[in-house]
Amino acid sequence: MQRRTFIKLSITTSAAILMPDIASAQVLNLNEVNFSPALNSSNNAQTIMIFMYGGASQLGGNLSNIDEIKSASQSSYDSYFRGVTRTNNGCWEEAGGTHMEELMANGDMTLFRTCYSRVREAANNKSHGSCTIQNQKGSFDDDNAGMISNLAQVLEAHGIINENTIMPFITMEGESKFYAEGRTPLNAYLKPVGIDEDLNNPYERYSREWYYYNGDERSIPDYNNRDTGFDAALYAKMDTLAQKNNKTGKIKDAFTRRASLDAFIQELSRVVTPDLGTDTYPTNNNFADKVETAINIMSNNPDTKIITLGTNGLGGWDDHNEARDYVSRTESLFKILKSAMAHIKAVNKVQNINIMLFSEFGRNVNLNAALGWDHGNLQNFYVLGGKGYFNHKGVVGETVLDNTGSINRLFLKPKNGTYQFEPLSIAATLYNIYGIENPETLTNGNPAIDALFT
C-alpha cells in the first residue's frame, strides 16, 4: 500500500469514525461481561482471522455425501471437474484435501463441518451483505458493533490494552465490519492499523512524495535511502511545531508516537522468515505474502492481538457459475495454510497464534446449469494452531443431503444429533480465548464452540 493510498483510506475511515450513525449504534454494556485476566494472560493468544468473501463452498472439506450428491445433481460433477476424489476423512483431494489431511494428522487443525444457521434458514436469508455483516459483528442485530471493536473495548477496560500498546489490531484488507463502531467511539489506539504485505510504512517520512505532488520526477531520491530521501532537520522542526501549536489530544499524541511507530515498522521490515524446507510459501502469491507477513509481525510483537485479511491474491468465492477454479483456489489456500503452520512452529508460537478461516455462508451442492453453486446456510469453519488453549480433533460434525425435490434446493445440513453451531459462535469463541467468560451476552445467546476446549 503506497502512502498516498494509506492516507486516503485513513481520511475515509476517520470521517466514518467522527460521524457515527447514532440512531443505529449499540453501546457495549461492560457490566454484563465477565472477564478473566488470568485466562487472557495464560493464553497469550494472537489470531489471524481470514474471511473468504463471496461464500465459499464447503465441499473442499466435505465430500462425505458426494455419491448422493452426484446422483441428484443437475450437472455432472465427474464430467465437469478434473477430479473429485475423497480423502480418508472425506475431504476433496484435488481441492486442498491432501493438505487438510496433513494438518489434521499433525494435530494442527480442526475442521468443523456443521457451522449452520438455522436462524437464517428460517428467515430464508442468504444474502451476501447481511450475512457478512452478521458474521463479522458476531450478532444478528444490525446495530451491533464489530466483534473486534467489542473485544477491544473489553480489553481496554481491563487494562490489557492502553495507549502504549503497539498495533494491537491490524487490517491487511482495508475496512471491514470486524471494526465497525458502536455509539461509543473507540479510542485511536484501539482502531486497526492498515498495513500491506510489503510493510510499506505509513509512519515514515521521506521526501519522495514532494516530487510526485509537484509534478517533478526528474530527481526522485531513493525511497528506501534515508541519506537521500530524509530531511531530519525539517522533520524535527515539524515535530517541535506540532507539540507547540496543537492542543493536548489525539493529534498531538499522534505526532509523539509517530517516530516510535516508524522505528518499530522499520525493525519489522528486517525480519527474515526461517527456512521452512518443503513447506516454503509459494512465490508470486499476494495472499501467501500477507500470511507470511502477519506471522512475522505477531512473532515479533506480542502486543498485536488480531490481524484480519481476506483472500485477495487467490480470488473470490462467489461461485454461482463456472466453479472449476474453486478447486485450484482451495488447493492454493490450504498449501499456504500448511506453510503458515510450519512458520508458526519455526518461530515457536504454535501455543499462541491461531488462525480462523470462515465465510459469510456456504453453498448448495447442486451443480447448476451454469456449472456453479448457489447460496446455502452450511459452511465449514477451520481452526489452526493455538495449541496452548485449543484441543484439535480433526473432523467434527456429520452432514446429510437434503433433497427437497427442487433442483436448486439440493443442500447439506447437520445430521440429527451431531455437533453444530450458529456462525455467531465463531465470535463467541474469539471472545472466550481473550478472557471473556460469558461471550454469549454479545452474540445473541450463542456460546463459544466448546468442542475446541475439551
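The values are calculated or read from the model by the stated rules, or taken from the named source; none is laboratory data. Small disclaimer: the values here were computed from a predicted structure and weren't measured. All Cβ positions, glycine included, derive from the backbone under ideal geometry; neighbour counts span all protein chains shown.
Against the criterion of being in contact (Cβ under 8 Å) with a residue 40 or more places away in the chain, in the same structural domain as Gly397 (by TED's automatic domain parsing), surrounded by fewer than 18 Cβ atoms within 10 Å (Cβ to Cβ) and not β-branched (Val, Ile, Thr), Arg82 qualifies. If you filter the stretch 406-449 down to residues that are acidic (Asp, Glu) and in contact with a strand residue (DSSP E or B) (Cβ under 9 Å, 6 or more places away or on another chain), you find that the one that is farthest from Met49 (Cα to Cα) is Glu437.
Give me the residue from the stretch 234-260 that is assigned to a helix (DSSP H, G or I) and either small (Gly, Ala, Ser) or under 23 Å from the mean Cα position of the chain (by Cα) (or both) and, out of that set, modelled with the highest pLDDT. Explain how you work it out, then say what you get.
Filtering the stretch 234-260 down to residues assigned to a helix (DSSP H, G or I) leaves 234-245, 250-260.
Those still in the list that are either small (Gly, Ala, Ser) or under 23 Å from the mean Cα position of the chain (by Cα) (or both) too: 236, 242, 254, 259-260.
Details: Ala236: 68, Ala242: 63, Ala254: 56, Ala259: 69, Ser260: 72.
Per the stated criteria, the residue is Ser260.
The lone criterion from (1) surrounded by fewer than 19 Cβ atoms within 10 Å (Cβ to Cβ); (2) free of Cβ contacts under 8 Å to residues at least 60 places away in the same chain left unmet by Asn364 is number (1).
Condition check ((1) within 19 Å of the chain's Cα centre (by Cα); (2) among the acidic types (Asp, Glu); (3) closer than 20 Å to Pro192 by Cβ; (4) part of a helix (DSSP H, G or I)) across all residues:
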| position | (1), (2), (3), (4) |
| --- | --- |
| Gly315 | yes, no, no, no |
| His320 | no, no, no, no |
| Ser328 | no, no, no, yes |
| Ser332 | yes, no, no, yes |
| Leu337 | yes, no, no, yes |
| Ile344 | yes, no, no, yes |
| Ile355 | yes, no, yes, no |
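When Pro447, Pro414 are screened for being over 30 Å from Thr293 (Cα atoms), in the same structural domain as Ala95 (by TED's automatic domain parsing) and free of Cβ contacts under 8 Å to residues at least 60 places away in the same chain, only Pro447 passes. Taken over the stretch 367-404, the criterion of being in contact (Cβ under 8 Å) with a residue 40 or more places away in the chain, under 23 Å from Phe81 (Cα atoms) and of a type in the set (D, E, K, R) is satisfied by Asp374 alone.
Name the one entry in Ser73, Ser79, Ser36 that is under 25 Å from the mean Cα position of the chain (by Cα) and at pLDDT 90 or above.
On the way: Ser73 fails: under 25 Å from the mean Cα position of the chain (by Cα); Ser79 fails: under 25 Å from the mean Cα position of the chain (by Cα).
Among Ser73, Ser79, Ser36, only Ser36 is under 25 Å from the mean Cα position of the chain (by Cα) and at pLDDT 90 or above.
Residue count for the stretch 145-189 under the criterion of being under 12 Å from the mean Cα position of the chain (by Cα) and more than 16 Å from Thr308 (Cα to Cα): the result is 0.
Considering each of Glu121, Glu94 in turn, give the residue that is part of a helix (DSSP H, G or I) and in contact with a Lys or Arg (Cβ under 7 Å, 6 or more places away or on another chain).
Details: Glu121 fails: in contact with a Lys or Arg (Cβ under 7 Å, 6 or more places away or on another chain).
Only one candidate qualifies: Glu94.
Only one residue in Leu442, Leu410 is farther than 17 Å from Val154 by Cβ and not basic (Lys, Arg). Which one? Exactly one of Leu442, Leu410 is farther than 17 Å from Val154 by Cβ and not basic (Lys, Arg), namely Leu410. Checked against (1) at pLDDT 90 or above; (2) on the phi > 0 side of the Ramachandran plot, Met172 meets all criteria but (2). Somewhere in the stretch 429-439, is a residue over 29 Å from Pro302 (Cα atoms), assigned by TED's automatic domain parsing to the domain that holds Lys345 and surrounded by fewer than 23 Cβ atoms within 10 Å (Cβ to Cβ)? No, there is no match, as no residue in the stretch 429-439 is over 29 Å from Pro302 (Cα atoms), assigned by TED's automatic domain parsing to the domain that holds Lys345 and surrounded by fewer than 23 Cβ atoms within 10 Å (Cβ to Cβ).
From the set of residues in the stretch 330-361 that are among the basic types (Lys, Arg) and either under 17 Å from Ile306 (Cα atoms) or touching a residue at least 24 places away in the same chain (Cβ under 8 Å) (or both), which is surrounded by the fewest Cβ atoms within 10 Å (Cβ to Cβ)?
Step one: list which residues in the stretch 330-361 are among the basic types (Lys, Arg), which gives 335, 338, 345, 349.
From the residues that got through so far, the ones that are either under 17 Å from Ile306 (Cα atoms) or touching a residue at least 24 places away in the same chain (Cβ under 8 Å) (or both) too are 335, 338, 349.
Numbers: Lys335: 18, Lys338: 24, Lys349: 21.
This residue is Lys335.
Take Gly146 and tell me if it is buried (at least 18 other Cβ atoms within 10 Å of the Cβ) and small (Gly, Ala, Ser). So Gly146 passes the test. Determine if the stretch 279-301 includes at least one residue that is in a loop (DSSP other than H, G, I, E, B), of a type in the set (Gly, Ala, Ser) and in contact (Cβ under 8 Å) with a residue 40 or more places away in the chain. No, the stretch 279-301 contains no residue that is in a loop (DSSP other than H, G, I, E, B), of a type in the set (Gly, Ala, Ser) and in contact (Cβ under 8 Å) with a residue 40 or more places away in the chain. Of the residues making up the stretch 399-427, those that are over 28 Å from Met147 (Cβ atoms) and of a type outside the set (S, T, N, Q) are Val400, Leu401, Asp402, Gly405, Ile407, Arg409, Leu410, Lys415, Gly417.
If you check Glu181 against the conditions, is it over 26 Å from Asn29 (Cα atoms), buried (at least 16 other Cβ atoms within 10 Å of the Cβ) and at pLDDT 85 or above? Give the steps one after another, and end with the answer.
Numbers: over 26 Å from Asn29 (Cα atoms): no; buried (at least 16 other Cβ atoms within 10 Å of the Cβ): yes; at pLDDT 85 or above: yes.
No; evaluated as a whole, the condition is false for this residue.
Considering the stretch 139-169, and only residues there that are closer than 20 Å to Glu32 by Cα and polar (S, T, N, Q), the residue that is modelled with the lowest pLDDT turns out to be Asn144. Determine whether the stretch 414-429 contains at least one residue that is among the β-branched types (Val, Ile, Thr), over 21 Å from the mean Cα position of the chain (by Cα) and more than 28 Å from Thr98 (Cα to Cα). No, the stretch 414-429 has no match at all. Mind checking whether some residue in the stretch 397-404 is surrounded by 16 or more Cβ atoms within 10 Å (Cβ to Cβ) and out of contact with any Lys or Arg (no Cβ under 9 Å at 6 or more places or on another chain)? Scanning the stretch 397-404 turns up no residue that is surrounded by 16 or more Cβ atoms within 10 Å (Cβ to Cβ) and out of contact with any Lys or Arg (no Cβ under 9 Å at 6 or more places or on another chain).
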